[in-house]
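Below is one structure; the comments refer to it alone.
The values are calculated or read from the model by the stated rules, or taken from the named source; none is laboratory data. The structure presented is a predicted model; accordingly, all values stated were derived computationally and were not measured. We place every Cβ from the backbone using ideal geometry, glycine too, and count neighbours over all the protein chains shown.
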Number of protein chains: 2
Amino acid sequence: MKQPFSRRDFLNLIGAAGGSAAVYQSSIALGLIPAAGALSLTRLEPLHKTPRRVLILGAGISGLVCAYELERAGYECVVLEASHRIGGRNMTVRHGDTIDELGHAQTCHFDRHPNLYFNAGPARIPAHHKLLVHYCKTFQIPLEVFVNEDRNAWVQDSNAFGGKPVRIREYITDARGFIAEMLSKAVNRDEFDAPFSDLDKEKLLEFLHAFGDLNENNLYRGSIRAGYKTGGMVAHGTLKGTLDFSEILKSDFWRFRMHWAEQEDQAAPLMQAVGGMDNIVKGFTDRIRSPIITSAQVRGVTLQNNQVQVIYQHKGKLHSLNGDYCLNSIPKHLLTGIPNNFPNDYIEALGAVPRGKLFKIAFQMKQRFWEDDAIYGGISWTNQPIEQIWYPSHGIHSTKGIMLGAYTFDKKHGEYFERLTPAQRLEEAIRQAEHIHPDYRGYIESGVSVPWGRMNHLMGCNALWTDELRARYFNRLQQPEGRHYLIGDQVSYHAGWEEGAMSSAHFALADLNQRVQAELRGDAIP
Amino acid sequence: MKQPFSRRDFLNLIGAAGGSAAVYQSSIALGLIPAAGALSLTRLEPLHKTPRRVLILGAGISGLVCAYELERAGYECVVLEASHRIGGRNMTVRHGDTIDELGHAQTCHFDRHPNLYFNAGPARIPAHHKLLVHYCKTFQIPLEVFVNEDRNAWVQDSNAFGGKPVRIREYITDARGFIAEMLSKAVNRDEFDAPFSDLDKEKLLEFLHAFGDLNENNLYRGSIRAGYKTGGMVAHGTLKGTLDFSEILKSDFWRFRMHWAEQEDQAAPLMQAVGGMDNIVKGFTDRIRSPIITSAQVRGVTLQNNQVQVIYQHKGKLHSLNGDYCLNSIPKHLLTGIPNNFPNDYIEALGAVPRGKLFKIAFQMKQRFWEDDAIYGGISWTNQPIEQIWYPSHGIHSTKGIMLGAYTFDKKHGEYFERLTPAQRLEEAIRQAEHIHPDYRGYIESGVSVPWGRMNHLMGCNALWTDELRARYFNRLQQPEGRHYLIGDQVSYHAGWEEGAMSSAHFALADLNQRVQAELRGDAIP
């Protein structure tokens, strides 16, 4: 067999100077890679008779995408997964499931019922996450609407409103009202420079009147948007008093959470997989015919001449596999601890980015008490360590429900809960939630906690890229090292999202496809 | 049988001076009537052995609530409904259904499929509509989340942005950004009087920074909230350019529609009945054992001594019924045309309030093309007569879908469509929608239109109360005239909502209950 056309030769051929980034640019031009707003799948050219074996490390979303796409193009794939389960952080916890936390294995004691599950990892499908939506559609995974913002839910902050919970509906309505009133006053004083001074003043005042629901004097004195205090159905509705704007400013809610559902990835419409987000994993595993070996821990990755060798342990024995390429989604901070022959700068990049410590608690509630409070899905926010309480978007008016009792973004809150035993975590979450729902404890039947920073084979959640880290390391990690590609949300601009994982997988597949095609054309050259 | 204790006697007994309003106030004190925020059902005291017959005119939501509650308390009820169908404006149109418009009967040619229906009347269940939610829960009517706001949907205004559609996501993000920038500038100039001058200036600037997603100089220069122009997954995301704020001001969207989902009744969470809103009607009719006579047109209402006589036509013959009470939901502007012996001031009040002319068109689309545009539910808005395009919240990723092709609030738009034939209406709606979805026409398989102003037995939609009309006539109509009660959303502060209809029904039931109980106690007085 002739020596295949080298990667460098190929890049020279197409006139590109700088490695795979240039290939990626040319792929965009060909419409192979998703640009924002439109789905653009990598279409792998079929191999026909020339065999190519790809070793895929990790059966999370990125690894599954690669296996699915590669085997459909005629590649031989082997997927190695360290955990006993497939899916990585896409994990739905149900009756009898084990939560494989380091030192604290938990068993889930929820009732066995289709509604009673807990999405410990991804839980939301933004409509513009085109690859994720594409696979859900292709696999006919039933989706339903996910409620991300519930104006009837609560904001509770120990530094504002005497620590008492306030309806998000009131908080947002009143904040908008006061902003509009303040700006109306400023507009009336003609205090603006360009580019605003040339705006039609009367129209701007009308705009603010509508924006804040101001009164006829352009003052904010409460709004029906906050909900009536009394009446409104068979009697005249009377407005609630307004919140004190200085109390609003004392709370932390406006720094981030008040604008939660304004974000691109958090704004409606959002969806979830009916019955649990791991139906997305199942969509892949139902179709993938390549072996996915679970409880297979990688013990070595060696870049060889035109091959990658992977040593792994399975059922107490070491095995060796060689592949033409390796697509590797092992969390990069763990990968540095596995024997390898990567160059030093690659190892440095792999070890440079810290991981999030996202933490979730879920409780089975014997009664959907929040529905009596007009809450159907969405989030209550607090400045306590639990940070969030989620109400389920599905199973409306059924008897029981699974609530998220904590979802922490702040690393220090994650670490705080990690230090506790599972039982202590639940107790703390209950104590904190009682500031929002005083009768909370009485509804609880069972609970589980998932600290991603302590989950075996992961030991961390999303990669915490900073601008500085990205400038130094991102391209290095996104480019293949020889025939080894790092994949996963960890090497995307959307860490912690399935779309990031899928996009990274397609980025690597596009590059791999071009290299393999170049090799095959190289074979044909005498 | 002894003469029952008169209503006047009863009111004198409890010391009330002014009719049923006082009774209503005492009912609130007893917790019988829903106050804002909490469900408080009228609990009718059971009649035991003393028969009372109640004639209920109209089998819309208010009539059905009355029949359901009264028969459970031992009342004999007869419901007369003029139309061939039960439900009034709660109407779901499916394959084969007739739309009973004056002079333009239409047949619905949608495919026969559970997802392919059109809620021609109420379509949204706000979580705080406690009576409606109560009945849905009691009857175990499956509910699902309804998407009312979709940031991926479009705003299109012929007076702004050159008439081109703009994503709601961009419009709202940019509007917030510019507001925050303007106010930041004003704050930096210290231009405020009390009560704002004492606010912590630095905190207010931080608040505005977060509110508008301003840059480090507190200027708005675009935000990821508007969605990236390119990148964001495997490459750095670049921001979109901002919309011109003066173009934003030129549009009509901010006058009302931009704040649509800020309103109490339109903010998340909202729900819909799985399979069609008329499952709520079915919930009642499955349980009501009293006769509901359809195609029974009332030809006379006569107040008699302690009775109400109703003449109706059914199958070509006139019939007469007497009842101890009459609960009447016939649209009040039609009621004035039915022979009666009401006092003149009551007749004047009945005829005083005009009706809305809400108009809807629905199309069956052979492909859910909007999902390719990342739209899942929600509303696109236009300043053209169709006003709104709705995308279904259910049936995600199935093949076909029913879209609302028009939903007009403006009376002149309703009248415009009413003047056209059904075929012309569809054609006009298509032509207008093409300004938002250029390929719209090609997806259409069939369509129907429902002009509530021309629907037989209704000839109008919601009662259009003004403050002036309410001051003059509302109490007069809410109070019973002898043993005749006007009911329905038409005599509530929530015209056009099922909750208004149900609240009005419960208001009348509470009053009727007190009168009957007084009568029964009067019977026992020698």
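Counted as qualifying within region B:267-386 are the helices (runs of 4 or more DSSP H) with 1 or more residues that are within 14 Å of chain A (Cβ to nearest Cβ), namely B:278-285. Check A:N152, A:N159 and return the single one that is part of a loop (DSSP other than H, G, I, E, B), under 21 Å from A:L270 (Cα atoms) and not charged (D, E, K, R). When all the criteria are applied, what remains is A:N152. Can A:G121 be described as more than 14 Å from chain B (Cβ to nearest Cβ) and not in a loop (DSSP other than H, G, I, E, B)? Criteria not met by A:G121.
Test of understanding: among A:S492, A:S504, which residue is free of Cβ contacts under 8 Å to residues at least 40 places away in the same chain and either aliphatic (A, V, I, L, M) or more than 25 Å from A:R94 (Cα to Cα) (or both)?
Selected residue: A:S492, the only one of A:S492, A:S504 that is free of Cβ contacts under 8 Å to residues at least 40 places away in the same chain and either aliphatic (A, V, I, L, M) or more than 25 Å from A:R94 (Cα to Cα) (or both).
Condition test on B:A123, is it aliphatic (A, V, I, L, M), free of Cβ contacts under 8 Å to residues at least 40 places away in the same chain, out of contact with any His (no Cβ under 9 Å at 6 or more places or on another chain) and surrounded by fewer than 24 Cβ atoms within 10 Å (Cβ to Cβ)? Taking the combined requirement at face value, the residue does not satisfy it. Residue by residue through region A:220-235, note down the ones that are at pLDDT below 95 and surrounded by fewer than 17 Cβ atoms within 10 Å (Cβ to Cβ). Scanning region A:220-235 gives A:K229, A:T230, A:G231. The condition of being assigned by TED's automatic domain parsing to the domain that holds A:G63 and under 26 Å from A:A120 (Cβ atoms) holds for only one of A:K360, A:K332, A:K366, that being A:K332.
Filtering region B:62-96 to residues that are in contact with a His (Cβ under 8 Å, 6 or more places away or on another chain), in contact (Cβ under 8 Å) with a residue 40 or more places away in the chain and part of a loop (DSSP other than H, G, I, E, B) leaves B:A82, B:S83.
Would you call B:R476 crowded, with 22+ Cβ neighbours inside 10 Å and either modelled with pLDDT of 95 or more or more than 24 Å from B:Y325 (Cβ to Cβ) (or both)?
Criteria not met by B:R476.
Inspect all residues belonging to region B:183-198 and state whether any of them is under 26 Å from B:V147 (Cβ atoms) and charged (D, E, K, R). There is no residue in region B:183-198 that is under 26 Å from B:V147 (Cβ atoms) and charged (D, E, K, R). Where residues in region A:154-191 are in contact with a Leu (Cβ under 8 Å, 6 or more places away or on another chain) and at the interface with chain B (Cβ under 7 Å from one of its Cβ atoms), which of them is modelled with the lowest pLDDT? Restricting to residues being in contact with a Leu (Cβ under 8 Å, 6 or more places away or on another chain) and at the interface with chain B (Cβ under 7 Å from one of its Cβ atoms), the top hit is A:A186. Restricted to region A:129-140, and to residues that are more than 8 Å from chain B (Cβ to nearest Cβ) and in a loop (DSSP other than H, G, I, E, B), which residue is surrounded by the most Cβ atoms within 10 Å (Cβ to Cβ)? My answer is A:H129. Just one of the listed residues (A:T466, A:T399, A:T421) is outside the structural domain of A:C108 (by TED's automatic domain parsing), surrounded by fewer than 16 Cβ atoms within 10 Å (Cβ to Cβ) and of a type outside the set (K, R), and it is A:T466.
When B:G237, B:G241, B:G231 are checked against the criterion of being more than 28 Å from B:H113 (Cα to Cα), free of Cβ contacts under 8 Å to residues at least 60 places away in the same chain and more than 11 Å from every other protein chain (Cβ to nearest Cβ), a single residue qualifies: B:G241.
Within region B:470-526, being aromatic (F, W, Y) and either more than 13 Å from every other protein chain (Cβ to nearest Cβ) or under 20 Å from the mean Cα position of the chain (by Cα) (or both) holds for B:Y473, B:F474, B:Y493, B:W497, B:F507.
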